[in-house]
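The values are calculated or read from the model by the stated rules, or taken from the named source; none is laboratory data. Worth saying up front: this structure is predicted, and the values here are computed from it rather than measured. Quick reminder, even Gly has a Cβ in these numbers, built from the backbone with ideal geometry, and neighbours come from all protein chains shown. Quick note on the areas: whole protein, heavy atoms, side chains included, nothing else; ligands and nucleic acids left out. Shrake-Rupley method; radii C 1.70, N 1.55, O 1.52, S 1.80 Å.
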Amino acid sequence: MIETTAALEEACLKLAQSDFITIDTEFLRETTFWPELCLIQMASPDLEVIVDPLAKGIDLAPFFTLMADTSVIKVFHAARQDIEIIFHLGNLIPHPIFDTQVAAMVCGFGDSVSYDQLVQKVKNVHIDKTSRFTDWSRRPLSEKQLDYALADVTHLRDVYLKLKEELEREGRAGWLTEEMAILESRETYDLHPDDAWHRLKMRLRKPQELAVMKFVTAWREREARSRNVPRSRVLKDDAIYEIAQQQPKDTEALARLRTIPKGWERSASGAAIVEQVNAALDLPKTDMPHVQRHSHAPEGAQAAVELLKVLLRLTSEKHGVASKVIANTEDLEKIAAEGENADVPAMQGWRRELFGDVALKLIAGGVGLRFVDKRVEAVEF
C-alpha cells in the first residue's frame with residue numbers, strides 16, 4: 001500500500017502511460033458533511049495500486065495531477081461520489097471519464113446495475129461484499145479488506161473494455177459522451193447554499209413559506225459545511241418544514257415548535273434561525289420564490305401516459321437500453337401534456353431518435369399498439 005508522496009508520484013507517472021485507468025475510493029461520511037477519504041484504488045492494464053491518504057505526511061498532489069491529465073480516460077463505477085471527493089479535495093473534476101454504471105444502462109444491463117452484478121454478468125465472477133460496510137479509517141487494514149478494495153478496480157478493467165467494445169459496435173459511444181457531460185460539470189458538485197432548498201421535497205406552496213424554507217436551508221448548508229457535520233446534525237428537514245409553515249419571528253415562538261429541542265431556541269443557532277425567518281419575510285413579494293404550477297393536463301393525457309409507458313418498455317427491450325436512461329414517468333407526463341414543447345431529455349439527441357419522435361406519433365395517432373402472438377408491438381399507420 002502506497003504511504004509516501006514519492007511512491008505515489010512514481011505510481012501515478014506509470015499509470016499516466018496507459019490509455020485508461022480504473023479508480024475507486026473508500027470513504028466515511030456518517031459523522032461529517034464532507035466525505036472523509038480513507039483509501040484510493042487505481043489500476044491500469046499492467047499496474048494495480050492502493051493509496052493510503054491517511055498516511056502521515058503524504059501529499060496527494062500527484063494523484064490530482066493524474067486526475068487532470070486529459071490523455072488518460074478515468075473509469076469509475078457510479079462515479080458521482082468519487083468525483084465529489086476529488087472535486088472537494090483537489091478542486092478539479094477528472095476528464096475524460098467513463099462511468100460503467102451509465103454505460104451498462106446504455107448497453108441494456110438494466111437500471112442502475114451494481115458493480116458486483118455487472119462483474120457477475122461480464123466476467124462470471126462473484127465478489128465477496130462482506131467488507132463493504134467496514135471502518136476504512138482504522139489502521140492497519142486486513143488482507144481481506146485490501147483484497148476487497150483492490151477488486152473494485154481490477155475487475156473494472158475488463159468491464160470497461162467489454163462495455164467500450166459494445167458501445168462502439170452498436171454505434172452508441174456518442175450516447176455515453178452526452179451522459180458524461182453531466183458528471184463532468186462543475187455545477188453537479190458545487191451546489192450554492194442558496195440553491196440547497198431544491199433538495200427538499202416540495203411540500204410547501206405559499207411564497208412566504210418557500211422564502212423561509214430557502215433562507216433557513218441556506219443557513220443550514222453553510223453551517224453544516226463550516227462545522228463539517230451532516231445537515232441533519234444542524235437541523236432536521238422536518239424542523240425546516242415546520243419553521244417555514246409557522247414562521248417564528250422571535251425565540252419564544254421558535255420554542256413552541258414541536259420539532260425544536262427544549263432550550264435550543266436560546267442557542268446561537270436559534271437566534272440565527274429567527275434572523276433568517278425575519279429576513280425571508282422582509283423580502284418583497286416579487287422576490288419570493290414560487291413553485292411552478294403544472295398546467296392542467298388536457299383530456300386524455302393520463303391515458304396517453306399509460307400508452308407511452310408501454311411504448312417506452314417496447315423501445316427499451318428492442319434496443320437493449322435501460323428505460324430509466326431514456327425517460328421517467330415525469331418525462332412521459334410532460335410529453336403527453338405538452339407534446340413537441342416538452343422540455344425533457346427524451347425529446348433531445350439520441351433519446352429523441354430512439355423514442356421521442358415515435359412518442360409524438362403515438363400521441364398524434366400516427367402509431368398504434370397491438371397485441372400479436374402474445375406480444376405487444378408498435379405499428380406505424
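Candidates Pro96, Met202, Leu118 compared by Cα position along the dipole of the chain: farthest toward the positive end lies Met202, with charges placed on Cβ. Here's the list of aspartates and glutamates a cross-link from Lys334 could span, going by alpha-carbon distance under 16 Å and ignoring same-chain residues fewer than 8 apart: Glu299, Glu306, Asp343, Asp357. What are the lysines whose alpha-carbon lies under 18 Å from the alpha-carbon of Lys214, with same-chain residues fewer than 8 places away excluded? Answer for Lys214, where 18 Å is the Cα cut-off: Lys201, Lys206, Lys236, Lys249, Lys285, listed by chain and number. Rounded to two decimals, the Cα radius of gyration of the range 5-188 over 2.2 N^0.38 Å is 0.99.
If you wrap the tightest convex hull around every Cα atom of the range 193-282 and split its volume per residue, you get 85 Å³.
Would you compute the Debye intensity of the range 307-381 from its alpha-carbon atoms alone, equal scatterers and no solvent, and pass along log10 I(q)/I(0) at q = 0.12, 0.17, 0.18, 0.28 Å⁻¹ to two decimals? Rounded to two decimals, the profile gives -0.28, -0.57, -0.64, -1.47.
About its Cα centre, the dipole of the chain is roughly 1300 debye, where the only charges are +1 on Lys and Arg Cβ and -1 on Asp and Glu Cβ. Taking amide H as placed 1.01 Å from N in the peptide plane, the amide H of Ile73 sits under 5 Å from that of Phe20, Ile21, each at least 5 places away or on another chain. Taking every Cα-Cα distance in the range 202-242 and sorting them into 10 Å bins starting at zero, the pair-distance distribution P(r) comes out as 31, 51, 17, 1 percent.
Under a GNM of the chain (C-alpha, springs under 10 Å), which listed residue has the highest mean-square fluctuation: Glu338, Glu84, Glu166? Most flexible of the set in this elastic network: Glu338.
Close amide H contacts of Phe27 (hydrogens built in the peptide plane, cut-off under 5 Å, sequence separation of 5 or more or a different chain): Cys38.
Given +1 at the Cβ of Lys and Arg, -1 at the Cβ of Asp and Glu and no other charges, the dipole of the range 301-380 around its Cα centre is 320 debye to the nearest 20.
Rounded to the nearest angstrom and listed largest first, the equivalent-ellipsoid semi-axes of the range 81-201 from its Cα gyration tensor are 26, 24, 13. Each of the peptides 102-112, 180-190 was scored by the mean count of other Cβ atoms within 10 Å over its residues; in descending order, highest first, they stand as 102-112, 180-190. Ratio of Rg to Rh for the range 92-153: 1.05 [Cα atoms; Kirkwood radius as inverse mean 1/r over pairs].
Multiplying the residue separation of Arg139 and Glu340 by 0.36 nm and removing their Cα-Cα distance gives an extension gain of 66.6 nm.
Could you check how much of the accessible area of the range 301-380 is carbon and sulfur, as a whole percent, using a 1.4 Å probe? So the carbon and sulfur contribution to the accessible surface is 47 percent. What FRET efficiency comes out for Ala255 versus Ala78 if R0 is 41 angstrom and r is the Cβ-Cβ distance? Round to the nearest 0.05. Efficiency for this residue pair is about 0.40.
Estimated from helices alone, the mean residue ellipticity of the chain at 222 nm is -14000 deg cm²/dmol (sum of -39500 (n - 2.57) over DSSP H runs with n ≥ 4, per residue). Lys249 contributes about 130 Å² of solvent-accessible surface, heavy atoms of the protein only, 1.4 Å probe. Value of Rg to Rh for the chain, rounded to two decimals, is 1.03; Kirkwood radius and Rg both from alpha-carbon coordinates.
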